[in-house]
Every structure is written in C-alpha cells, then in structure tokens.
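The values are calculated or read from the model by the stated rules, or taken from the named source; none is laboratory data. Since we're looking at a predicted model, the values are computed, not measured. Glycine also receives a Cβ, built like all others from the backbone with ideal geometry; neighbour counts cover every protein chain displayed. Protein only, heavy atoms only, side chains kept; ligands, DNA and RNA dropped before computing areas. Shrake-Rupley method; radii C 1.70, N 1.55, O 1.52, S 1.80 Å.
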Amino acid sequence: MLPADTWAPPGATPVEVSVVIPCLNEVQSIASCIDKALDAFRHIGIRGEVIVSDNGSTDGSIEISRQHGARVVHAQLKGYGSALRNGVEEARGEFIIMGDADGSHDFSEIPRFVDKWREGYEFVVGNRFEGEIKDGAMSWHHRHIGTPVLSALLNLFFDAGVEDINCGMRGITKNLSRRLDFRTTGMEFASESLIKAAKLGAPMAEVPITMWPDQRDRAPHLRTFRDGWRHLRYIMLCAPNWLFLLPGALLVAFGLGMALWLLPGPRFAGKTGLDVHTMSLAMMLALLGAHIISIGLFVKVFCYTEKLSRNQHSLGRWLKRVKLEHGLLLGGALTLIGFTGDATVFWHWAAHGFGQLPLVRTVFLCSLSFFLGVEVLFSSVFLSMLGISRATYIGE
C-alpha cells in the first residue's frame, strides 16, 4: 500500500486527481495500469485515486483491481462510454484522467496531463502521433485512414484543434465534465466530449503520449467499422449545417434558379437545348433540397432539446422568436399561391377543351410553390411538437 499522502482511500479528502479506467475482463493488464497510476501519484507528490469502472467483468478483474488499491464502481449500462461516464461521475478529484485498461496507455505519463491542467487547461487530450506508436500498437488503417479522417472532420466542423480525436487517454476537470452533460454510451464518447468542449469554448491542449501494443490474448472490444461508423454518425448529427442545411440550400437555390431561368421559354447551354424536361428536373431538385433542410432543422432542434449539442445560443434565441404561426403563414401563402396558379391554368385549359397545354411552365412553377408550401406547413407543425415534447416550446 502506498503512503497516505500519495493515495486517497475512500472517504479521504481532498483528492486532486482521479484516474478512471473502464474495464471489461482485463485480468491480464489491469493490475499494471493501476500500479503505474499510483506510482505516478507518488512521483509527483499529489493525492489521487484510481477508479476502475467495471462493465460486467467475470474474469477476476474486479478482485485484482481492489487488491492493487483501486476503487471499483459498477456501470449498469453496457458500453465503453457508459463505463467512462460512470467513472467520471464517481470521481472525487478536481481533475480526471481517463485511460484504457488493456495496457496500451502508459499511466506513468500522468504528470504530462497534470502539468497542462495546472497551466489552466480544462481538457487535455493525448496525442499518439506527436508521441510514439510502438510496433503493432495501431493498425495501419486506424493510423492512416480512420483517425486522421475523423479528426479532420471534427476539426473542420467544430474547430476543436485536436489532431488525435480517438485517443482514449485524456484529462478533464470535474467542473467541465458536469457542464458537458455526457449522453453517449459507446466509443463515440470520445467525439462527444471533444465536440461539446469545443462548442463550449473550454481551454484544450494536447500532450504527446506513447501507445503500446495491448496485453490481451483475445480480440479487442473495438470493432473498426462499427465503432468508426458510430463516431462518424455522431459527428455528422452534431453538424446539421454541413450535413443538411448547406446541401439543401444549394439544391433549392439551383433548382429554383433553373426553374425561373426556363420559365420564359427554351434556353441553350452551349449547343444543348434545355426545355420543360430540364425544368421538371429542376423542380424535383428544389423539392429535394427543401426536404433535406426540413430534416436538418429537425436534427438541430432535437440536438438542442436533448442537450446533445452545446453552446447553441443563437438557436435558442431563434426558437424563442419564431412561432409555429410564422411557419403556418409562410407555408399557407406558398400553398395558396401555387394552388391558385394551378387552378387558374386548369380553368383556362378546360375552357379551351382540354387540348394542348400551352402554360406547362407556369404549371411547373405553381406546383413547385404548392409542394414547398405543404412541406413548410407540416415541417412547422413537427418542429413545434419537438419543442413542446422537450419543454423547449418554440415561440415562447
């Protein structure tokens, strides 16, 4: 057992640093991880605790963890993110360092994270690329494709400034962890924490770390494509402007512009003639864009009301100003204009014996107005329902 001034048994105060290690059947490596963490506390002279957040181990990992001086807590929900969330909630330290239990993270490097915390950073992320990746520690597709691509997307969408978003060794202040209100349960916890911290404007830094080959004699819990998709899915859902609103707006602008350009009559693009067939395609593109925008607005409101997205002050102000009635008035106006135009053309067409339809371009444009109006009407109602069901009433 370590001296009392470097290790905090349950109930002791205060604790400066908590190390949280999620665990699911890691009997071969958990003892080494705990020992290195406790040695690091003694080396830098701080009071700390090691928390093993167990996720249903049956191989003796729990008993070994207690024997080596860790406090074991149990995560009820399955999943890597659930174990980390449970451990973070149970931590008593002002600063919490997370790391994996498979031996791939070197807990003797804890002082690097503590130094950054003492400099004023609230979120400190390990960077394996700036440190050292031992032979066999990371597969080539994780190293050269998965992590760089996901890191580039997260930095593009959220300006996090983090090169290695998938690194599981990271530190966060207890105060910041409460403010971020974690929700995810799987490997995408790594992306959630960074996205929310970046949106909140929390001071973040990276430190170089060493990645070692894991000590398991079985396949890792990580599943490349399944967990990679979960990361990508969460990143994209948290960036509806990029995934929905921007593409949708471009489609609407292109489709509507093309339809208006072709309204007077046939046009030529170089030597290619464009007529009503192109106009009908333009109308479909505009409708598709409007539908994509609607879905993007649903996602934005859902993420806001479910607290999956942080620092959405502008959206919050928008939700308070825009009422359901505004959407109903806009949708109703577009629907009425389109219906009136189509009905007028139909009346003239019927009056002339239903022969050739000379105003087909007008029909296309009026139909586009009608369909867009219906989209706005139903989307407005659904957006309002999303707000009411989550106590975020739109228009209050």
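Yes/no per residue for (1) at pLDDT 85 or above; (2) of a type in the set (A, V, I, L, M, F, W, C); (3) part of a helix (DSSP H, G or I):
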site	(1), (2), (3)
Leu251	yes, yes, yes
Val301	no, yes, yes
Tyr304	no, no, yes
Lys307	no, no, no
Task: Criterion violated by Val73 - all others in (1) touching a residue at least 24 places away in the same chain (Cβ under 8 Å); (2) open to solvent by less than 30 Å² (accessible area, probe 1.4 Å) satisfied - done: (1)
Open item on the list: Being surrounded by fewer than 24 Cβ atoms within 10 Å (Cβ to Cβ) and either under 26 Å from the mean Cα position of the chain (by Cα) or at positive phi (or both) is true for just one of Ser108, Ser82. Which residue is that?
Closed with: Ser82
Open item on the list: Regarding segment 139-151, can at least one residue be identified that is closer than 26 Å to Cys23 by Cα, of a type outside the set (Gly, Ala, Ser) and loosely packed, with under 13 Cβ neighbours inside 10 Å?
Closed with: yes
- [ ] Kindly indicate whether any position in segment 185-201 is at pLDDT 85 or above and more than 27 Å from Asn241 (Cα to Cα).
- [x] no
Open item on the list: Please go through (1) modelled with pLDDT under 90; (2) open to solvent by less than 40 Å² (accessible area, probe 1.4 Å); (3) under 19 Å from His144 (Cβ atoms) for Thr224 and return the number of the only condition it doesn't satisfy.
Closed with: (2)
TODO: Can you tell me which residue within segment 344-359, out of those that are touching a helix residue (DSSP H, G or I) at 6+ places or on another chain (Cβ under 7 Å) and open to solvent by 50 Å² or more (accessible area, probe 1.4 Å), is farthest from Ala259 (Cα to Cα)?
DONE: Leu357
Open item on the list: Quick check on this structure: which one of Gly99, Gly136 is open to solvent by 30 Å² or more (accessible area, probe 1.4 Å) and under 22 Å from Met187 (Cβ atoms)?
Closed with: Gly136
TODO: Search segment 360-396 for residues being buried (at least 16 other Cβ atoms within 10 Å of the Cβ) and assigned to a loop (DSSP other than H, G, I, E, B), and hand back the single one that is modelled with the lowest pLDDT.
DONE: Ile394
TODO: Scan segment 257-264 and give yes if some residue there is surrounded by 13 or more Cβ atoms within 10 Å (Cβ to Cβ), of a type in the set (Phe, Trp, Tyr), more than 29 Å from Tyr80 (Cβ to Cβ) and touching a residue at least 12 places away in the same chain (Cβ under 8 Å), otherwise no.
DONE: no
